[in-house]
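Values in this text are rule-based calculations from the coordinates and carry no lab data. A quick note: this is a predicted structure, and the numbers were derived from the prediction, not measured. Don't worry about glycine lacking a Cβ; one is built from the backbone with ideal geometry, like all the others, and counts go over all protein chains shown.
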Amino acid sequence: MLKIYKSMESGPLQELSLKTMERGAWINITDPTPYELKVVSNLTEVEPDFLRSALDDEERSHTDIEDNSVMVLTNVPVIREDESYDALPLAIIVTEDCIITVCLEETPVITEFNERTAKLFRTYKKTQFLFQILYKSATYYLRYLRQISKQSEEIEDRLRVSMKNKDILRLLELQKGLTYFNAALRSNGAVLDKLLRLRSNQGLQFILKIYEEDEELLEDVIIENKQAREMVEMYGKILARQADTFSSIISNNQNSVMKFLAAMTIIIAIPTVVSSFFGMNVPVPFSDNGNGFLYIMLIAVGSSCSLAYAFWRRNMF
């Protein structure tokens, strides 16, 4: 899907077509076809490899510089249909005339920039718009991390009452999401540091015009990204300890059940042994006694009760 927008000096965000595209436009490409990539490449003179970079879902964050464009590939957070968390490559390409975003899927980071929020950004302020996208990505990482923290607390409360496989598997999914976030935030941090160094590159001033307010915004992005990394590390340790704790609890419960069953097996075996002795086809005590059956039952029950008491004193129950 190919969409072209441009911010007006006064008014809402305007959608353009390929024929009416103007300088300062934003070209947003989502899950593009080869034809769309070719059209955009010919129209903007951007390297096709730049446009295809974000189409590999395993691509790591990095920056590439050509004579007429700068590409910043960052990983943005997404939530899948099964409520699992992942990170997806997003290519942001800045040229002298426009800014281009390329992604495999429609992400909440990009959809935040729409007609409703048009007053908060300007597509023709390309460098500022680039940093705003990066800042929005960092804030979504923080938002999803808070959701992960809340979900882990809810799972912990449920597991304290009853151990269910679906809750343990959900805990594993959250750990997997934190692993993806951790890798993405680390590579994003390296990209932000490189952008901070590029501000002094005089050869890029005609493409990346960084003003004072842009530098402050970039510093805010770096701070947000660092905070997200710290939260990922903290929540990762908490989830790992939760998993270890619940694993120990499950193992301990299993041992307790096995110990109880073993004790009950021994206790139940006592009446069987006693009745077997007195059931032999040879002369045995109480064979001529009218109350023999009662005495044998008392011996069996008494032996079982004595053994049960001994096990209870040894915390076998």
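The order of 191, 72, going from fewest to most other C-beta atoms within 10 Å of their C-beta, is 191, 72.
How about the range 1-62: which GluC sites (Glu not before Pro) there lie in a loop by DSSP and see at most 15 other Cβ atoms within 10 Å?
Numbers: sites: 9, 15, 22, 36, 45, 58, 59; in loops: 9, 22, 45, 58, 59.
Qualifying residues, ordered by number: 9, 22, 45, 58.
In µm²/s, what is D for the chain at 25 °C and 0.890 mPa s, where D = kT/(6 pi eta Rh) by Stokes-Einstein and Rh is the Kirkwood radius from Cα pairs? Intermediate values should be presented prior to the final figure.
Working: Rh = 24.4 Å.
D, rounded to a whole number, is 101 µm²/s.
Measure nothing but the geometry: give the 0 to 90° angle between the long axis through the Cα atoms of 165-198 and the longest principal axis through the Cα atoms of the chain, rounded to 10°. Between the helix axis and the principal axis of the chain, the angle is about 30 degrees. Within the range 254-313, the ratio Rg/Rh, alpha carbon atoms throughout and Rh by Kirkwood, equals 1.12. Within the chain, antiparallel bridges make up roughly 80 percent of the DSSP beta bridges whose residues both belong there. If I take every Cα pair under 8 Å that is 6 or more residues apart in the chain, average their sequence separation and divide by the length, what percent do I get for the relative contact order? 15 percent. With 24 Å as the limit, the listed pairs 38/119; 38/194; 166/237; 119/226 have 38/119; 38/194; 119/226 beyond it between alpha carbons.
Report the relative contact order of the range 254-313, percent, no decimals, based on alpha-carbon pairs under 8 angstrom and at least 6 residues apart.
Working: 25 pairs, mean separation 26.9, N = 60.
Taking the mean separation of contacting Cα pairs over the length of the range 254-313, I get 45 percent.
Summed over qualifying helices (DSSP H, 4 residues or more, each -39500 (n - 2.57)) and divided by its residue number, the chain shows a 222 nm mean residue ellipticity of -20000 deg cm²/dmol. Pairing the Cα long axis of helix 34-44 with the longest principal axis of the chain, what angle in degrees results, from 0 to 90 and rounded to the nearest 10? Compared with the principal axis, the helix lies near 40 degrees. Our coupling estimate for the range 270-279, obtained by passing each phi through the Karplus curve with A = 6.51, B = -1.76, C = 1.60 and θ = phi - 60°, is 4, x, 5, 5, 4, 5, 5, 4, 7, x Hz, Gly and Pro reported as x.
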